[in-house]
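Scroll down for the structure; my scribbles are underneath it.
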Amino acid sequence: MNAVNSNAYAFPIAAMNAGDACPDTSLAAFCATGICCGLDKAEAAQLLAMAQPVSFSAGSRMVRHGEPSRGAYVIRKGRIEARLTLPGGGEKTVVELADGSMFGEMSLLDNGQSIASVFAVSDVEGWFIERNLFRALIAGRNPAALAIQRTITSGLVARLGIMNGELQRQVAPEDRRVLISAPAGDPLADTPRTIDKNFDYQRFLSLLPFFAGFTREEIDCVVASAKIMEVSRGQWLFSAGQPSNACYLVVRGAVEANVYIENNVRRLAILGPGSLVGYMGILADTPHNANTVARENSVLLEFTAADFLALYKGTSGAEVKTQHAIQCNLLQSLSRSYSQLSRLVTQARLSEALQTRAVRAGI
């Protein structure tokens, strides 16, 4: 979840300055945290140099839901929990973290607001990393910062998977009965990778949110390996459990992501132009965890898993911008899942309360 100013809602145990502890001791502790996974000692030291030591007493609010985010927190020692504010009142604990973990990492990827409140369950010591300083390293294509950004992305993909699993355990009144069975094989195996020549799709690319801030040359570099395709309304792109061999960027039209829960189908999202679909399985190296079907006649750019990972791990200007666009898609998905979960939990609590009241009233 995104974080806010570390001083805004904290109750410091004691003032901590960068020089309070032995640098070697601090670096060793910092290197032991998850954010330094894959970094060498010199790269970790570079990141530590811009991290501000912070501490919080047990029971204090570290982050308040809805406040502008400024950066991320790395826990040296202690335990925290993040609570989702529910519509109509109340909170739900959505994650608990301890030594070596990081939270607020979404704010290192993009501007935004805190989507949950965070509380110190025990006394907490750690570091605060300001977004603007981190983004400056990314803009300079700093290898350590790029590696950390990919680590953060992998963590958020895992978190979204957990969140979607929790969503599927909730009762949703809007679920529909399954009318069409999922295809057994690749539903796009016989789909031509061509397009009506009367549609000049390339002139639309610069208008897509995905390519905001890209030059024409950078867009050409990104799509050079992609294949263009047209699909009709109702065409499946992939189903849950199928290998994540490719992902798709919606150029025109819209697709629906859904999951089958027993005999019901639950819509997760309607994704329009500029949306990236099917990429999470590639990043996590897992099969697709949802179904995706064309909601209307659509034009898509198809990236094979190998080509997508080459863009995701690259260091050119176009590739770094692509990584940011991927992360923005991921943050939007997380925001949707948090909103859906809070709504369904609130509905369940309200339904339970009404049933209890009816039983007491003898209805």
Seminar exercise, completed: Being loosely packed, with under 15 Cβ neighbours inside 10 Å and not assigned by TED's automatic domain parsing to the domain that holds Gly234 narrows Ser339, Ser333 down to just Ser339
Exercise. Residues of region 140-162 being among the polar types (S, T, N, Q) and in contact with a Gly (Cβ under 8 Å, 6 or more places away or on another chain), which ones?
Worked result: Thr151
Problem set entry | Residue match in region 345-356 (condition: outside the structural domain of Ile148 (by TED's automatic domain parsing) and buried (at least 19 other Cβ atoms within 10 Å of the Cβ)) | yes
For this session: For region 144-154, state whether one or more residues are touching a Ser or Thr at 6+ places or on another chain (Cβ under 7 Å), part of a strand (DSSP E or B) and of a type in the set (A, V, I, L, M).
Result: no
For this session: Only residues in region 32-49 that are in the same structural domain as Leu109 (by TED's automatic domain parsing) count as the first member; pair them with residues that are part of a loop (DSSP other than H, G, I, E, B) and among the aliphatic types (A, V, I, L, M), Cβ under 9 angstrom, at least 6 apart or cross-chain, and list the lot.
Result: Gln46/Leu39; Leu47/Leu39; Leu48/Ala18; Ala49/Ala18
Seminar exercise, completed: Exactly one of Ser275, Ser244 is under 28 Å from Leu344 (Cβ atoms), in contact with a strand residue (DSSP E or B) (Cβ under 6 Å, 6 or more places away or on another chain), of a type outside the set (Asp, Glu) and touching a residue at least 60 places away in the same chain (Cβ under 8 Å), and that residue is Ser275
Problem set entry | Flag if Thr292 is β-branched (Val, Ile, Thr), surrounded by fewer than 18 Cβ atoms within 10 Å (Cβ to Cβ) and in contact (Cβ under 8 Å) with a residue 40 or more places away in the chain | no
Seminar exercise, completed: Exactly one of Arg267, Arg159 is within 30 Å of Lys92 (Cβ to Cβ) and assigned by TED's automatic domain parsing to the domain that holds Lys92, and that one is Arg159
Exercise. Looking at region 255-363, what helices (runs of 4 or more DSSP H) fall wholly within it and have at least 1 residues that are in contact with a Gly (Cβ under 8 Å, 6 or more places away or on another chain) and farther than 26 Å from Leu167 by Cβ?
Worked result: 317-360
Exercise. Is one or more of the residues making up region 15-29 surrounded by fewer than 18 Cβ atoms within 10 Å (Cβ to Cβ), modelled with pLDDT of 85 or more and within 30 Å of Thr93 (Cβ to Cβ)?
Worked result: no
Seminar exercise, completed: The correct count of residues that are surrounded by fewer than 19 Cβ atoms within 10 Å (Cβ to Cβ) and of a type in the set (Phe, Trp, Tyr) in region 245-289 is 1
Seminar exercise, completed: If we ask which residues in region 91-136 are in contact with a Lys or Arg (Cβ under 7 Å, 6 or more places away or on another chain) and among the small types (Gly, Ala, Ser), their number turns out to be 7
Exercise. Taking region 334-355 as the region of interest, how many residues are touching a residue at least 24 places away in the same chain (Cβ under 8 Å), closer than 12 Å to Ile115 by Cβ and among the hydroxyl-bearing types (Ser, Thr, Tyr)?
Worked result: 4
Exercise. Considering region 217-241 alone, what residues qualify as being closer than 27 Å to Val171 by Cβ and not in a strand (DSSP E or B)?
Worked result: Ser239, Ala240, Gly241
Exercise. Is it true that some residue in region 72-87 is at pLDDT below 90, of a type in the set (A, V, I, L, M) and assigned to a loop (DSSP other than H, G, I, E, B)?
Worked result: yes
Exercise. Is it fair to say Gln202 is farther than 29 Å from Glu319 by Cβ and either among the β-branched types (Val, Ile, Thr) or under 29 Å from the mean Cα position of the chain (by Cα) (or both)?
Worked result: no
Seminar exercise, completed: Flagged in region 61-74 as over 20 Å from the mean Cα position of the chain (by Cα) and crowded, with 18+ Cβ neighbours inside 10 Å, in numbering order, are Met62
Seminar exercise, completed: If we ask which residues in region 37-60 are buried (at least 16 other Cβ atoms within 10 Å of the Cβ) and touching a Cys at 6+ places or on another chain (Cβ under 9 Å), their number turns out to be 6
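The values are calculated or read from the model by the stated rules, or taken from the named source; none is laboratory data. Model, not experiment: these values are computed from the prediction. Backbone-built Cβ (ideal geometry, glycine too); neighbour counts: all protein chains shown.
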